[in-house]
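Student: One structure follows; several queries about it will come next.
The values are calculated or read from the model by the stated rules, or taken from the named source; none is laboratory data. For clarity, every value in this text was computed on a predicted model and none was experimentally measured. All Cβ positions, even for glycine, are placed from backbone atoms using ideal geometry, and neighbour counts span all protein chains on display.
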Protein chains: 4
Amino acid sequence: MSAFATPIIPAPIPDNISLTELIDKYFTAYNSARLREICQLLSQRVFQPEVTVGLSLSGAMTPTGLGISALAPLVRAGFVDYIISTGANLYHDIHYALGMDLYAAHPFVDDVQLRKESKIRIYDIIFGYDVLLETDAFLRQVLRSETFQRRMGTAEFHYHLGRYVRELEVQRGQPHSCLLATAYECGVPIYTSSPGDSSIGMNVAAIALEGSKLIIDPAIDVNETAAIAYFAREAAEGNGKSAALIIGGGSPKNFLLQTQPQIHEVLGLEERGHDYFIQITDARPDTGGLSGAVPSEAVSWGKVDPQGLRDTVVCYTDSTIALPILTAYCLNRCRPRPLKRLYDRRGEMVERLQQLYLQAQLQHKVKDLPTEAPVATYPCGTPIRRG
Amino acid sequence: MSAFATPIIPAPIPDNISLTELIDKYFTAYNSARLREICQLLSQRVFQPEVTVGLSLSGAMTPTGLGISALAPLVRAGFVDYIISTGANLYHDIHYALGMDLYAAHPFVDDVQLRKESKIRIYDIIFGYDVLLETDAFLRQVLRSETFQRRMGTAEFHYHLGRYVRELEVQRGQPHSCLLATAYECGVPIYTSSPGDSSIGMNVAAIALEGSKLIIDPAIDVNETAAIAYFAREAAEGNGKSAALIIGGGSPKNFLLQTQPQIHEVLGLEERGHDYFIQITDARPDTGGLSGAVPSEAVSWGKVDPQGLRDTVVCYTDSTIALPILTAYCLNRCRPRPLKRLYDRRGEMVERLQQLYLQAQLQHKVKDLPTEAPVATYPCGTPIRRG
Amino acid sequence: MSAFATPIIPAPIPDNISLTELIDKYFTAYNSARLREICQLLSQRVFQPEVTVGLSLSGAMTPTGLGISALAPLVRAGFVDYIISTGANLYHDIHYALGMDLYAAHPFVDDVQLRKESKIRIYDIIFGYDVLLETDAFLRQVLRSETFQRRMGTAEFHYHLGRYVRELEVQRGQPHSCLLATAYECGVPIYTSSPGDSSIGMNVAAIALEGSKLIIDPAIDVNETAAIAYFAREAAEGNGKSAALIIGGGSPKNFLLQTQPQIHEVLGLEERGHDYFIQITDARPDTGGLSGAVPSEAVSWGKVDPQGLRDTVVCYTDSTIALPILTAYCLNRCRPRPLKRLYDRRGEMVERLQQLYLQAQLQHKVKDLPTEAPVATYPCGTPIRRG
Amino acid sequence: MSAFATPIIPAPIPDNISLTELIDKYFTAYNSARLREICQLLSQRVFQPEVTVGLSLSGAMTPTGLGISALAPLVRAGFVDYIISTGANLYHDIHYALGMDLYAAHPFVDDVQLRKESKIRIYDIIFGYDVLLETDAFLRQVLRSETFQRRMGTAEFHYHLGRYVRELEVQRGQPHSCLLATAYECGVPIYTSSPGDSSIGMNVAAIALEGSKLIIDPAIDVNETAAIAYFAREAAEGNGKSAALIIGGGSPKNFLLQTQPQIHEVLGLEERGHDYFIQITDARPDTGGLSGAVPSEAVSWGKVDPQGLRDTVVCYTDSTIALPILTAYCLNRCRPRPLKRLYDRRGEMVERLQQLYLQAQLQHKVKDLPTEAPVATYPCGTPIRRG
């Protein structure tokens, strides 16, 4: 039997088994084995000092409370260095910071009735319409402040927002910090790939109608995240590694993965792709969505290092099951890492990336200069192929 | 907020959290909430003395070792009273009893190469072709014995097979009993809805070519399981309840659920459907399979008691994740139940069901007798409708 | 670009495009490409005279009317040589033959209300409880007849049942024959892998309580289908091929595929696996069900010829979409094949298979005889390995 | 039987059946019925003059050629009034306009080998790395032009880009226009919810490093799309309707749906939600993603008009199957609509929305003024609840 294979030696599950032992010994095959591999890969190799860990977040994670219960602890333990999230996850996170009530219900409810009662449903979570209205009012008030009257990327935007939220948590005596406030405190930059797409973006747009000077510039995010991924290699004296931990899929997944093509395809710098690719999703590869695209496909794009394919795992299960499990496992098995505070180093890293790009561009320009003009070219000067 | 709703009050997951606490407090929404509801419903209400619990089993559970690690302990604790399984789960269970080696590998292997090396793959489990050959040889040897030279249902068939397997386990000093042997010892009847469909059925067919007198009669199974479901009501002085615990879906699920229509639709006896319907599956309701049919649909068929819809839960996740979790949870939270040993009571229960059926038939015949012959009838005497 | 690749040259879909052209030209990628490959593979290579085609059927196909609209035409055109079906598909098929009314509704209905109104729901199809009762009454009347008072396999059982149903169709002036009656007329044997699992099996069980002598013997089915698969090679002067066309998954899929291991693993005869493996399903490989097991995995089991992996296609979509499309495509593109009438040749083929088995067994026995007795053996004589 | 139910009257599929007849008569249940309902709803009610149709687009549609073959024809026929797309769909669309070669292959390829050969894979589509490089070079050249040296929303951005692409198509004698160029010509605004997330955004970011003055401002998009949705009611003398046609899910789906809460929740204007909600997806509601959130849930948010729940359909199938089918069906059944050219009216509509917002804000401010200061408030003035 080949080297990769381990004999399965089943024994009855004891009645007082610990979580870590249950996973290590009884998650033997199919998606349970993938979840075990994720727990072990994260705790043994990814959550190590030399690895820069990017987390992408989609699906309704914070409404379920996992922002406070699972994600904030991972951030605080230094396991997550930067985050790409949907706007919705950051928006609903704020409800808890504001002390609002969300309720666990079930998915079989009469939505027409809910609408009549001014209640909002996120699958099996229900809360009042006023939760939205008050959060919106809070947001608009904050966004009208001087801090936000200029152009910025989403990392800076969420940092300032996190500061306000944190102040409020302190003021309210909130015992547990939400994700946004925790990331602010830990210097973990949070990006969103779709700044207009969520109630946060909606309120930004509303105050723009009032004359606000706030402009969210997505290009800043693209360059900051590319810089983070690029300079991940510099850690540990050039032996640094880069990990993509993908909860769900969607636009945040793509944004996290595109950091690598941004470096080699667009900026023309050498890069070999993320070293670790770990995803929890229910999206399959065959139906056209990037959410379901597998690590090996990402290899062809240079998003994932071909050498690292053995360090890629996709587990097909609900994130609400996998996320608390992997959090509990890793917190138990893994000692905290020092915080990298990448937020503080964004500016310097982008500056260095810019210099490298301008240098690379100069070299390419010289090299690419056509010795004689082709008959027909694209605007970019490339000769038009017969096709 | 309505009565069914519980506020979500998230707190950071502690690093030494127990499994049961993780589930109770952090599985708040989506499929994690369904898995929590299953754990709580099973431990608080289903695994109680007055409930007769039928388990249906599909998907490759025993190859992963969960036959020995999860299912056998549930049986031994008295939590499972009868089982409907695919043949494959019972066949692959035997490998472990025979001390054979199965290996945990991964799903991305070269199957053409495996075929050349005489290796068999079940997704991410790999083992030698000889595991099949030896298990087959064992089966044929046993099935040629006098015990098996007659017509029987699958409960009896698996009981005798379990006895042989148990003997072998003892002889080999096997520390942990497989599902088949455990069920034999605990008097838990195991049925299969598709007796020809698996290597067990294949070997039965092979020895039939040699002249074996063994005949597996599916009608015996239909009546025995209907009798079990029917007389489940008799427990606790007429307050007995019936539960369907469905791992996967497929033919075993249907077979377990059809016990109820067998009683009212076919046998003409009064019946109100299962009281509990708990399923772990990845099959959705909209694509045509019974695997994905939801509890409420089963209500329309009289398979599930309309009163009991609140006692139905479907969790969409991999059984290899859910089964060890719910096993560990319930073994921890729930005291063992006395064994019902339904195997020993099959004959008597079918006899009583037969009497009730023959009585009911007599009543219906009298009542249904047409006063005058209709112009055109089906063979059954029903007037042909215009349609 | 490698040989397997075709350039995609998109052009606007014209407003009067035919179905076949839409598929050939516009189903370019993802599951649409798989569906196109299935249409083309079936019409160009599988539905050819030298190929023996086995169809497995699961999911609620006949309730939707696809038994009459799609499957019966495929049978009549000679494209399907034998069938493995769930019992439910054959049972619900009969409703249409009896002229009963089933209604297309939608899936969002109140099942408790339906139950009160004595209505049955199959996802978005609704019909009266009396449809079940009358079909059951018809079945029991027929099954009590002399024809059915003995032991038989399901091919013979469904053949006789088909004859009764066909008679009734003629009597009622039914314009279109159902699947059961069509298969009867065309000599296409229909097997079910789970004879007790459906209302047909339930009625067989009921009359057993009355003293019926009907016994459905699954071993007969196993041997008949193995014989069909084995002798498929004999067509076209030894160049015959074997195809598995799998609608859905479940027990029928496994039963169709196990014909090959039955030949080499259990009966000890040489066999190379099915040549074509075509499946339409929504089941994924990673969650433990055989429904989702992919063709390459089947290669490791010897269920599919390794040489034929290029002739395997799995399309992940709803069968209710794919089946009418592939039927319309193939009826349009493919001339009918002469009927093989395998039903009439079952007996002879099993007899020959039996002889081959007994011969093979004799050879193996001699060969396997141990020169000296091992210290410890299984009952079958195999030395017990250290494990 | 209730009013919504239609009897199923199956007849054999004829061998020369047209596509529209196949759908109308043979797509009777499960997802085929949903696809039929979508075809019929679109052609009979949605693609009518009084309805404003928003299309959201995710999943790899344009790489498959469906941009040119299906989406551009729908745009040209006036059936689509505005579009929310992933950046990737707009980026890969350009390859075809530039005359580059993409190949239909299959998904089972060696990605490490592809990487070595500088080939890129999108599931079963393969093309050279130079396709990316040349498209990027084209983009950067265009984006450096004076036209793009300022702040703008994505509708304007894609409009100008579409103009350049169209010029190139003309120059190259391209027979069929891509989606971007077609939308430009038809005045259909194309938005992207994640402007930085795709190779387009990556190139925008790259030239920002060179000092480009181009800034994509997401807030402009939020307000433009909200204005489009709001003023959809004004058509047909106040009887105008709003439709959401959702291909896939993801961020574009949310962005299209959030137009409604933007109006009532954030801007404080009266709004009742979209009238039609049509989605093709493989995402399920239970696993946490917005992709799978169902229309009824959207009702609770005020995204969908409660009155219109009967006009919502979700079909779970691959978009690559459903999109060509619904396109062919609607082009055949539906006469073209006059182009609304919403692109030209964006500015005026946002201006009017702004005025309404400022008025509403004024009214709310007066109304909300607290008569006396509460003990503790959020920054927005809302009293802090005990929680």
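Student: Taking B:Gly238, is it on the phi > 0 side of the Ramachandran plot and either more than 10 Å from chain C (Cβ to nearest Cβ) or modelled with pLDDT under 95 (or both)?
Tutor: Yes: the conditions hold for B:Gly238.
Student: Let me ask you something else. So if I check each of B:Ser43, B:Ser69, which one is in contact with a helix residue (DSSP H, G or I) (Cβ under 6 Å, 6 or more places away or on another chain), at the interface with chain A (Cβ under 10 Å from one of its Cβ atoms), small (Gly, Ala, Ser) and under 13 Å from B:Leu326 (Cβ atoms)?
Tutor: Checking each option against the conditions leaves just B:Ser69.
Student: Got a number for residues in region A:214-244 being surrounded by fewer than 23 Cβ atoms within 10 Å (Cβ to Cβ), part of a helix (DSSP H, G or I) and either touching a Gly at 6+ places or on another chain (Cβ under 7 Å) or of a type in the set (Lys, Arg) (or both)?
Tutor: Number satisfying all stated conditions: 2.
Student: For residues in region A:109-130 being out of contact with any strand residue (DSSP E or B) (no Cβ under 7 Å at 6 or more places or on another chain) and within 19 Å of B:Pro7 (Cα to Cα), which is nearest to the other protein chains (Cβ to nearest Cβ)?
Tutor: Looking at residues that are out of contact with any strand residue (DSSP E or B) (no Cβ under 7 Å at 6 or more places or on another chain) and within 19 Å of B:Pro7 (Cα to Cα), I get A:Arg121.
Student: Let me ask another. Kindly indicate the residue of region C:285-317 that is in contact with a strand residue (DSSP E or B) (Cβ under 7 Å, 6 or more places away or on another chain) and part of a loop (DSSP other than H, G, I, E, B) and also nearest to C:Asn31 (Cα to Cα) among those meeting that condition.
Tutor: Across region C:285-317, the extreme among qualifying residues is C:Thr317.
Student: Which condition does A:Phe138 not pass, out of (1) assigned to a strand (DSSP E or B); (2) within 28 Å of D:Glu297 (Cα to Cα), if it passes all the others?
Tutor: (1)
Student: Please verify whether B:Thr135 is in contact (Cβ under 8 Å) with a residue 60 or more places away in the chain and within 19 Å of B:Val204 (Cβ to Cβ), treating the condition exactly as stated.
Tutor: So B:Thr135 passes the test.
Student: Here is a further query. So for region D:245-258 (the condition being assigned to a loop (DSSP other than H, G, I, E, B), more than 24 Å from A:Phe108 (Cβ to Cβ) and more than 7 Å from chain A (Cβ to nearest Cβ)), does at least one residue qualify?
Tutor: For region D:245-258, residues assigned to a loop (DSSP other than H, G, I, E, B), more than 24 Å from A:Phe108 (Cβ to Cβ) and more than 7 Å from chain A (Cβ to nearest Cβ): absent.
Student: Something else: Out of the residues in region C:87-101 that are crowded, with 24+ Cβ neighbours inside 10 Å and of a type in the set (A, V, I, L, M), which is farthest from the other protein chains (Cβ to nearest Cβ)?
Tutor: Looking at residues that are crowded, with 24+ Cβ neighbours inside 10 Å and of a type in the set (A, V, I, L, M), I get C:Leu90.
Student: Select, from D:Gly78, D:Gly87, D:Gly67, the only residue that is at positive phi and touching a residue at least 24 places away in the same chain (Cβ under 8 Å).
Tutor: Only one candidate passes the filter, namely D:Gly78.
Student: On to the next question. Determine whether B:Leu356 is hydrophobic (A, V, I, L, M, F, W, C) and assigned to a helix (DSSP H, G or I).
Tutor: When the stated conditions are applied, B:Leu356 passes them.
Student: Based on what the data block shows, is B:Gly248 in contact with a Leu (Cβ under 9 Å, 6 or more places away or on another chain) and of a type outside the set (Val, Ile, Thr)?
Tutor: Considered against the rule, which asks whether it is in contact with a Leu (Cβ under 9 Å, 6 or more places away or on another chain) and of a type outside the set (Val, Ile, Thr), B:Gly248 comes out as yes.
Student: Here's a follow-up. Hey, could you check region A:151-164 for residues that are surrounded by fewer than 21 Cβ atoms within 10 Å (Cβ to Cβ) and within 12 Å of another protein chain (Cβ to nearest Cβ) and say which is farthest from A:Leu256 (Cα to Cα)?
Tutor: The qualifying residue farthest from A:Leu256 (Cα to Cα) is A:Arg151.
Student: Shifting gears a bit: Would you please name the residue that is farthest from D:Tyr343 (Cα to Cα), looking only at residues in region D:67-86 that are among the small types (Gly, Ala, Ser) and surrounded by fewer than 24 Cβ atoms within 10 Å (Cβ to Cβ)?
Tutor: D:Ala77
Student: Does region A:326-334 include one or more residues that are closer than 24 Å to B:Ser32 by Cα, modelled with pLDDT of 95 or more and among the basic types (Lys, Arg)?
Tutor: Looking for residues that are closer than 24 Å to B:Ser32 by Cα, modelled with pLDDT of 95 or more and among the basic types (Lys, Arg), one finds at least one in region A:326-334, hence yes.
Student: Would you check if there is a residue in region C:24-34 being touching a residue at least 24 places away in the same chain (Cβ under 8 Å) and buried (at least 18 other Cβ atoms within 10 Å of the Cβ)?
Tutor: yes
Student: Check B:Thr62, B:Thr20, B:Thr6, B:Thr28 and return the single one that is among the polar types (S, T, N, Q), within 11 Å of chain A (Cβ to nearest Cβ) and touching a Leu at 6+ places or on another chain (Cβ under 7 Å).
Tutor: So the residue among B:Thr62, B:Thr20, B:Thr6, B:Thr28 that is among the polar types (S, T, N, Q), within 11 Å of chain A (Cβ to nearest Cβ) and touching a Leu at 6+ places or on another chain (Cβ under 7 Å) is B:Thr62.
Student: Follow-up question, since we're still on this one. Looking at the structure I just gave you, is D:Val299 crowded, with 24+ Cβ neighbours inside 10 Å, within 27 Å of A:Glu117 (Cα to Cα) and touching a His at 6+ places or on another chain (Cβ under 6 Å)?
Tutor: no
Student: Within region B:174-213, track down each residue that is more than 10 Å from chain C (Cβ to nearest Cβ), in contact with a strand residue (DSSP E or B) (Cβ under 9 Å, 6 or more places away or on another chain) and in a loop (DSSP other than H, G, I, E, B).
Tutor: Those that are more than 10 Å from chain C (Cβ to nearest Cβ), in contact with a strand residue (DSSP E or B) (Cβ under 9 Å, 6 or more places away or on another chain) and in a loop (DSSP other than H, G, I, E, B): B:Val188, B:Pro189, B:Lys213.
Student: Ok, one more. Please work out which one of (1) more than 7 Å from every other protein chain (Cβ to nearest Cβ); (2) in contact with an Asp or Glu (Cβ under 9 Å, 6 or more places away or on another chain) is the condition A:Glu167 fails and give its number.
Tutor: (2) is the only condition that A:Glu167 fails.
Student: If I go through region C:262-282 residue by residue, how many of them are closer than 19 Å to C:Met349 by Cβ, facing another protein chain (nearest Cβ under 7 Å) and part of a helix (DSSP H, G or I)?
Tutor: 2
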